[in-house]
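Below: one structure, written as structure tokens.
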Amino acid sequence: MSTGVIIVLIVIVAAVLVVAAVLALRARGPQHGGSLKRRFGPEYDRAVVRHDGDTKAAERELSERVRRHGSLHTRPLEPAERERFEARWTAAQERFVDSPREAVGEADRLLAELAGARGYPDGAQYEEQLAALSVHHAHHVDGYRRVHRVTHAQAQTHTAGAGDGGAETAAASDTEELREALVAARALFEQLVRPGRHDDGRPGTGAGVAPAAASAPASAPGSTPASTPASESAARAPHGWSLGKRRPKES
């Protein structure tokens, strides 16, 4: 065998080894603890807690989510679809004033339908849909989890052994929980209805949403919202106004 042939074979073998190493690193990447922490953020911590502190078990679960849903390709909404979803979200926020629980239930259904319309698993498969959303929107998916949990939780007796004052306190606490759940869910809604540069599960506020609008708590029902600078108000989406205040009619 000539020297030239031997050199060619060595080069080919070296190239094959390099390609194999790159593929192996890519395959292992999602399963590496540091990579999973960066990708899932708060979802990583929740998984560890759910597995009683067993990080290996949590990482296996998260790696499986990436395997099943990491290559999912979403589809953009048509303008008419986006308008319908936005109108329904605005109506849900307005409904909160008189029927907080019903408003949160509508938000739960709306997120399920919106995620399905974007190409995620159907809302009838809640756990699978939530897992897929956590892969691509890890920093916002907990809002969906909260409204779903509130919607489907069994009614609890807040007034057992308490007088009227205790009942009022329990009712106020329940309404505050509903308000916080709806505010948290709005962040995921914004990500899904108006996807932008951060539509990959990484930290971001999404297009058309001011960071303060997505994260700041809304006014409690019946309260008077604080004044908002005009520039900040203009940056908010049409459905980003505070809970507890009906949307003003268009002039």
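Here r is the Cβ-Cβ distance between Asp54 and Val97 and R0 is 45 Å; the resulting FRET efficiency, rounded to 0.05, is 0.55. The distance between label points at Glu128 and Arg84 comes to 2.3 nm (points 7 Å beyond Cα on the Cα→Cβ vector). In the full protein context, the range 15-144 carries 52 Å² of accessible surface per residue, based on a 1.4 Å probe and ignoring ligands, DNA and RNA. Just the number, please: carbon plus sulfur as a percent of the accessible area of the range 78-138, 1.4 Å probe, no ligands or DNA/RNA counted. Summing carbon and sulfur atoms, their accessible area is 47 percent of the total for the range 78-138. The listed peptides 89-102, 130-143, 52-65, 70-83, ordered by packing as a protection proxy, come out as 130-143, 89-102, 52-65, 70-83 (highest mean of other Cβ atoms within 10 Å first).
The values are calculated or read from the model by the stated rules, or taken from the named source; none is laboratory data. Fair warning: this is a prediction, and the values are worked out from it, not measured in the lab. Counting neighbours? That spans all protein chains shown, and the Cβs are built from the backbone with ideal geometry, glycine included. When the accessible area is computed, the model is the full protein with side chains, heavy atoms only, and any ligands, DNA or RNA have been set aside. Shrake-Rupley method; radii C 1.70, N 1.55, O 1.52, S 1.80 Å.
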